[in-house]
Every structure is written in C-alpha cells, then in structure tokens.
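Report on the following structure.
Quick note: the coordinates plus some simple rules give every number you see, no bench work behind them. What you are looking at is a predicted structure, and each value in this text was computed from that prediction instead of being measured. When we count neighbours, we look across all protein chains shown, and the Cβ atoms used for this are built from the backbone with ideal geometry, even at glycine.
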Amino acid sequence: MTDPATEINPQFQRGWDAALVAVRSWHESQAKRALIQARRSRFPKNLEREAEVHQRSAETISTLSPDDV
C-alpha cells in the first residue's frame with residue numbers, strides 16, 4: 001500500500017506541471033536575455049555559453065517527473 005504523503009494525486013500533478021512550465025519559461029527567458037547581451041558585448045562567448053546552458057536546461061526540464069525527486 002502506498003503512503004499518502006508520497007502518493008501523486010491530481011492536485012499534486014497540476015502543481016508539478018505548473019512548476020515545470022514556470023521553470024522552463026524562466027530558463028528560456030534567461031537564454032534570450034543572454035543572447036541579447038552577447039550581441040551587445042565586445043566579448044560574447046561567455047554569454048553565448050550561458051544562453052546554451054539555459055536553453056539546454058529548458059529542454060531537459062520537461063523530462064523530469066515527480067519520481068525523480
């Protein structure tokens with residue numbers, strides 16, 4: 001029998017999905033911000049790498065499940 005504290009119910013799943021959407025959109029906005037700064041910078045490589053990291057994070061966030069935590 002499952003423990004009620006660790007059970008994934010619909011309310012928890014909605015919250016989990018909302019959190020993933022929020023984190024993904026934050027990472028996407030940080031990637032866009034870094035790319036804009038890279039265009040304006042004399043030394044854009046670090047900012048381009050930062051944008052790549054945020055973009056990769058945004059893509060991998062969707063693969064997370066509550067069981068991973």
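Structure above, values below:
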{"quantity": "Lone qualifier among Glu48, Glu52 - being free of Cβ contacts under 8 Å to residues at least 60 places away in the same chain and touching a Leu at 6+ places or on another chain (Cβ under 9 Å)", "calculated": "Glu48"}
{"quantity": "Residue count for the range 38-69, restricted to those that are surrounded by 13 or more Cβ atoms within 10 Å (Cβ to Cβ), polar (S, T, N, Q) and either in contact with a strand residue (DSSP E or B) (Cβ under 7 Å, 6 or more places away or on another chain) or closer than 24 Å to Pro10 by Cα (or both)", "calculated": "0"}
{"quantity": "Test: residue in the range 15-37 that is of a type in the set (Lys, Arg), in a helix (DSSP H, G or I) and exposed (fewer than 12 other Cβ atoms within 10 Å of the Cβ)", "calculated": "no"}
{"quantity": "Among residues of the range 45-69, those that are under 12 Å from Glu28 (Cα atoms) and of a type in the set (A, V, I, L, M), counted", "calculated": "4"}
